[in-house]
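What follows is a short report on a single structure.
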Amino acid sequence: MSKHHHHDAPKDNYQIPVATWEKGRNVILALFVISWVAALAGFSLDHKQFFPSYLVAFYFGAGITIGSALFIMIQHLTGSAWSVPLRRLMENIMMNMPVLAVLFLPIAFGIHELYEWSHADVVANDPLLLKKAAFLNPTAFYIRAVIYFAIWSYWAWRLSSWSRSQDASKDLNFTFKSERLSAPGMLLFFLSASLASVDWIMSLQPHWYSTIFGIYCMAGGMWAFFAILTFTLLRLRANGILANSVTIEHYHDMGKWMFALTVFWAYIAFSQYMLIWYANLPEETIFFKVRRTGTWEMVSAVLLFGHFAATFLTLLARASKRSLNVLRFITVWILCMHYVDVYWLVMPNFSKAGIAPHWMDLACFVAVMSTLALGFWWRLRSAPIVPVGDPRFQKGLEFQNV
Amino acid sequence: MADQSPIHGVVADFDSPDTLLDAVKAARAKGYTKMEAYTPFPIHGIDEAMGAKQSILGYIVLCGSATGFTTAILLQWWTGTIVYPLVISGKPLFAFEFGFPIIFELTVLLSAFGAVFGMLGLNGLPRLNHPIFNYSGVAGSSDDRFLLVIEASDRNFEVTATRDFLASLGAEKLEVIEA
């Protein structure tokens, strides 16, 4: 579009105002302290409940962080302009990878509470686990976790720091370098995130397997990433931050991504379900047998109608993707549904009779998410909140859906 | 000259998207509603300026998908349980578990039909010719010219007045085209 119609567009301040930043920091810090005290109290009271609750919270946060990295790399590879004004916020989410590595420590510490294959005596008496022992053993589990976090943190750090260096220098080489790093990055992230979902979630039920499980987890995580990014943008907008730079056109595209991933998640979830249903092999059907027992059947129904159908119908119309009120609602809805999804993956392994909510679920959730939010919030202040040096930045600001 | 033949409208030929956009806004302000712009690339904001309504194509697609969805269910249920009730590998005669791929495919197929044929229908396609091709400079509209046509069917249309009005908006070339 020509300059003629845009030269008078109001400009935003690309630094977060100190007062707003401090207000946000205080809220997050308060949540951080309260929730960690509660989580630690919960741990000492009942560590059998603590570890599953913590795993749900940890994997919820991990999925979002991995989702941010995947999307940033897709944007570098496709050379997209529309997403550039949002990219610094995404990078600040992605840079939580090292924080995530620290948050993983309780899982590593609680391996014997969570994973039956970590007990040598159980494995010795189980022919199937004996065959899987070369992969599913504590040492290999720890080594793989170190490798995952090393890959994720390195890629996050490179992409994020190049982007920040470009702010001042406006050097095009940073864009080319990011593109080059993103291609092997996509491959490595898909493999490592897929294996991580096997290690951390699938192996809770070590007899069961599904080759599509990694994609299922990544689809849900990326979905929640878009929801939390859009939600954050709407909160910033309510405080007058990026209110002119991030327009309805950008929100519309975020809505499209949430819609697309709603469908993609359902496609993957159904593919997994149908093949298992049709083949009808006991070691495969056990996964759904457990999740159709007692009140878990209700939770499964919530996923079908809430995670998929309701979100699909809400976001179907163009007008709803362009309504900030609809997006404000649906982002919260998506985050709730993603939590139900992760809860549904983890908890039936520990509470076979039915759903058993516990205050520790909430404490761990707030503890993990406030820790990640704190990392995000701290980086928000250390650089402009948009990549001002990106060659596609101006084009991204002016972007319009045709 | 062309007085005997029916008239399609008056073409105004502009040299930039900005002058075209301003002309569209002026024409709307003047009360013209039946107009069409011909440009080499999409121009942001021109739909709103022309007062073009949101296309109903989405609803046609929705009807297509609803038809596909229900047809696929009925087809599989009817053939599987009524006309050819055969038990295959111990599965129920009809179940959504195995029925859904067909339901999905038929939903997508009829949605796509709705989108393609609906688009053709709404655009009045296929058609062999269009009066805009009677304009001597029509080739420019796929290169570097921006055309605005005010059509004769507009109730405010009057050849001389419309022509003078368009001339006042800075059109570099004006032509009355036959229908």
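The values are calculated or read from the model by the stated rules, or taken from the named source; none is laboratory data. Fair warning: this is a prediction, and the values are worked out from it, not measured in the lab. Note that each Cβ is placed from the backbone with ideal geometry, even for glycine, and that neighbours are counted across all protein chains shown. Note: accessible area is taken over every heavy atom of the protein model, side chains too, but ligands, DNA and RNA are not part of it. Shrake-Rupley method; radii C 1.70, N 1.55, O 1.52, S 1.80 Å.
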Problem set entry | List of segment A:364-402 residues, accessible area with partners at least 10 Å² below that of the chain alone (1.4 Å probe) | A:Gln400, A:Val402
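Please get the size of the charge dipole for segment A:15-398, origin at its Cα centre, with Cβ charges of +1 on Lys and Arg and -1 on Asp and Glu, quoted in debye to the nearest 20.
The dipole of segment A:15-398 has a size of about 1000 debye.
So what's the projected area for the protein assembly as shown, the Cα convex hull averaged over all directions, in nm²? Show your work: numbers first, answer last.
On the way: hull surface 134.2 nm².
If I average the Cα hull's projected area over directions, I get 33.5 nm².
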Exercise. Given the Cα-Cα distance of A:Phe109 and A:Thr285 and 0.36 nm per residue of separation, how much length would full extension add, in nm?
Worked result: 60.3 nm
For this session: Could you run the Debye sum over the Cα atoms of segment A:39-125, one equal point scatterer each and no solvent, and tell me log10 of I(q)/I(0) at q = 0.15, 0.22, 0.26 Å⁻¹, two decimals?
Result: -0.69, -1.01, -1.20
Problem set entry | Length released on extending from B:Thr33 to B:Ala167, taking residue separation times 0.36 nm less the Cα-Cα span | 46.4 nm
Problem set entry | Area projected by the alpha carbon convex hull of segment B:103-166, averaged over all directions, nm² | 7.3 nm²
Exercise. Sequence-distant or interchain residues sharing an amide H contact under 5 Å with B:Glu178, placed H: which?
Worked result: B:His8
For this session: Divide, for segment A:271-402, the radius of gyration over alpha carbons by 2.2 N^0.38 Å, where N is the residue count.
Result: 1.45
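With Cβ to Cβ distances under 14 Å as the rule, what net charge do the other residues near A:Gln15 carry (K, R +1; D, E -1)? Provide the component values of the computation, followed by the final result.
Values: positive: A:Lys11, A:Arg88, A:Arg164, A:Arg379, A:Arg381; negative: A:Asp12, A:Glu22, A:Asp167.
Neighbourhood net charge equals +2.
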Exercise. Over the alpha carbons of segment A:210-298, what is the largest minus smallest coordinate on each principal axis, giving the biggest first in Å?
Worked result: 56, 24, 17
Exercise. Quick one: ranking A:Ser178, A:Ser161, A:Ser382 by accessible area, 1.4 Å probe, largest first, what do you get?
Worked result: A:Ser382, A:Ser161, A:Ser178
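Taking a 1.4 Å probe, which of A:Phe174, B:Phe69, A:Phe312 shows the most accessible area, and what order do the others take after it?
Ranked list, largest accessible area first: B:Phe69, A:Phe312, A:Phe174.
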Exercise. Any idea how far apart B:Phe41 and A:Arg158 come out in nm if each label point goes 7 Å out from Cα toward Cβ?
Worked result: 3.4 nm
Seminar exercise, completed: Filtering GluC sites (Glu not before Pro) in segment B:137-179 by DSSP loop and by at most 16 other Cβ atoms within 10 Å leaves B:Glu158, B:Glu172
Problem set entry | Solvent-free Debye scattering, log10 I(q)/I(0), computed from the Cα coordinates of segment A:81-194 at q = 0.16 Å⁻¹ | -0.82
Exercise. In degrees, nearest 10, range 0 to 90: what is the angle between the Cα axis of helix A:172-200 and the longest Cα principal axis of chain A?
Worked result: 20 degrees
For this session: Could I have the simple spin-label model distance between A:Ile212 and A:Asn26, label points 7 Å from Cα toward Cβ, reported in nm to one decimal?
Result: 5.0 nm
For this session: Please work out the Cα center distance from segment B:109-164 to segment A:95-133, rounded to the nearest Å.
Result: 66 Å
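Expressed in whole Å with the largest first, what are the equivalent ellipsoid semi-axes of segment B:28-179 derived from the C-alpha gyration tensor as the square root of 5 times each eigenvalue? Walk me through the intermediate numbers first.
Details: eigenvalues 556, 40, 35 Å².
Semi-axes, largest first: 53, 14, 13 Å.
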Seminar exercise, completed: Phi-derived 3J(HN,Hα) across segment A:31-41 with the Karplus relation (6.51, -1.76, 1.60, θ = phi - 60°), rounded Hz, x for Gly and Pro, is 4, 4, 5, 4, 5, 5, 4, 5, 5, 5, 4
Exercise. At a 1.4 Å probe, what is the % contribution of carbon and sulfur to the accessible area of segment A:15-398?
Worked result: 71 percent
For this session: Towards the positive end of the charge dipole of the protein assembly as shown, with charges on Cβ (+1 Lys, Arg; -1 Asp, Glu), say which of B:Phe69, A:Ala266, A:Thr285 has the farthest Cα.
Result: A:Thr285
Seminar exercise, completed: A student asked for the Cα radius of gyration and Dmax of segment B:57-122 in angstrom ought to give 14.5, 48
Problem set entry | Inter-chain Cβ neighbour average for residues B:90-101, partner chain, 10 Å | 2
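Per residue of the protein assembly as shown, what 222 nm ellipticity follows from adding -39500 (n - 2.57) for every DSSP H run with n ≥ 4, rounded to the nearest 500?
Theoretical 222 nm ellipticity from helices: -21000 deg cm²/dmol.
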Problem set entry | Burial ranking of peptide ranges A:151-158, A:35-42 (average Cβ count within 10 Å, highest at the top) | A:151-158, A:35-42
Exercise. Just going by the charge dipole of segment A:15-398, with Lys and Arg at +1 and Asp and Glu at -1 on Cβ, which of A:Leu380, A:Gln394, A:Pro138 is farthest out on the positive end?
Worked result: A:Gln394
Seminar exercise, completed: In segment B:1-47, the residues losing 40 Å² or more of accessible area (1.4 Å probe, heavy atoms of protein chains only) relative to their chain alone are B:Asp18, B:His44
Problem set entry | Heavy-atom surface of the protein assembly as shown, accessible at 1.4 Å and reported per residue (Å²) | 47 Å²
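What is the interface area between chains B and A, defined as buried accessible area summed over both chains with a 1.4 Å probe, reported in Å² to the nearest 100?
Values: alone 11260 and 17490 Å², together 27320 Å².
That pair hides around 1400 Å² of surface in total.
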For this session: Determine the sum of side-chain charges near A:Lys289: Lys and Arg each +1, Asp and Glu each -1, restricted to other residues whose C-beta is under 15 angstrom from that of A:Lys289.
Result: -1
For this session: Determine ³J(HN,Hα), in whole Hz, for all residues of segment A:360-368 in sequence, where each value follows from phi through the Karplus function 6.51 cos²θ - 1.76 cosθ + 1.60 and θ = phi - 60°; x replaces Gly and Pro.
Result: 5, 4, 5, 4, 5, 4, 5, 4, 5
Exercise. All other residues with a Cβ under 10 Å from the Cβ of A:Ser300 taken together, and with Lys, Arg as +1 and Asp, Glu as -1, what is their net charge?
Worked result: +1
